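Q: Got a structure for you, questions after.
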């Protein structure tokens, strides 16, 4: 290894030497760090918002003019008849439960919807690994002015994980809630739009 002597007038402490190349790399490093901080801050903000939304325990309502429009928005399950009208639903942002109503008849349901019997009982169908039927409630915990109390237990069809029944020219559908999910206070359903 060849040892070079510093030139006359050049500093002997090389840690104080800043070349244009090292300034350029330091500038790139500062920009990269700033980008990481900006992305992390933005991502953390979005993650924090999502967690606050999910942990606040509130419910959300939705409605569609038809089954077809709700399915086009990827909100309604495939079994909902395209011609169903006045489709309304409520779901909990922290759980699995959903209640739905729509103007449609049992005859409008597809063949995949089986009659409730010993082979197709009213039980939860866990969609995630590690969950069992015993992890779910059987009674609706969500409220809406249009949801008759106990309607979920009057269901006569099973459409995938949904319990579906009819009453007074309307279909009502329900997916059970996990027992581990906290059931929060909800606004009085009579105050919500029908």
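Q: Picking from 104, 144, 124, 173, which residue would you name as being surrounded by 17 or more Cβ atoms within 10 Å (Cβ to Cβ), farther than 20 Å from residue 61 by Cβ and in contact with a strand residue (DSSP E or B) (Cβ under 6 Å, 6 or more places away or on another chain)?
A: 124
Q: Does the stretch 102-120 hold any residues that are outside any strand (DSSP E or B) and either without any contact (Cβ under 8 Å) to a residue 12 or more places away in the chain or not assigned by TED's automatic domain parsing to the domain that holds residue 70 (or both), and which are they?
A: Listed by number, the residues that qualify are 107, 111, 118, 119.
Q: Residue 89 is checked against (1) in a strand (DSSP E or B); (2) in contact (Cβ under 8 Å) with a residue 40 or more places away in the chain and fails just one. What number does that condition carry?
A: (2)
Q: Residue check, residue 152 against (1) under 21 Å from residue 178 (Cα atoms); (2) part of a loop (DSSP other than H, G, I, E, B), all met but one. Which one?
A: With (1) under 21 Å from residue 178 (Cα atoms); (2) part of a loop (DSSP other than H, G, I, E, B) applied to residue 152, the lone miss is (2).
Q: Within the stretch 149-165, track down each residue that is surrounded by fewer than 19 Cβ atoms within 10 Å (Cβ to Cβ) and in contact with a helix residue (DSSP H, G or I) (Cβ under 8 Å, 6 or more places away or on another chain).
A: Once the filter is applied, which keeps residues that are surrounded by fewer than 19 Cβ atoms within 10 Å (Cβ to Cβ) and in contact with a helix residue (DSSP H, G or I) (Cβ under 8 Å, 6 or more places away or on another chain), the stretch 149-165 yields only 156.
Q: If you go through the stretch 54-78, how many residues are modelled with pLDDT of 95 or more and crowded, with 19+ Cβ neighbours inside 10 Å?
A: Final tally of qualifying residues: 6.
The values are calculated or read from the model by the stated rules, or taken from the named source; none is laboratory data. In this text the structure is predicted, and so the values were computed from the model without any measurement. Cβ coordinates were reconstructed from backbone atoms using ideal geometry, including for glycine residues, and neighbour counts include every protein chain displayed.
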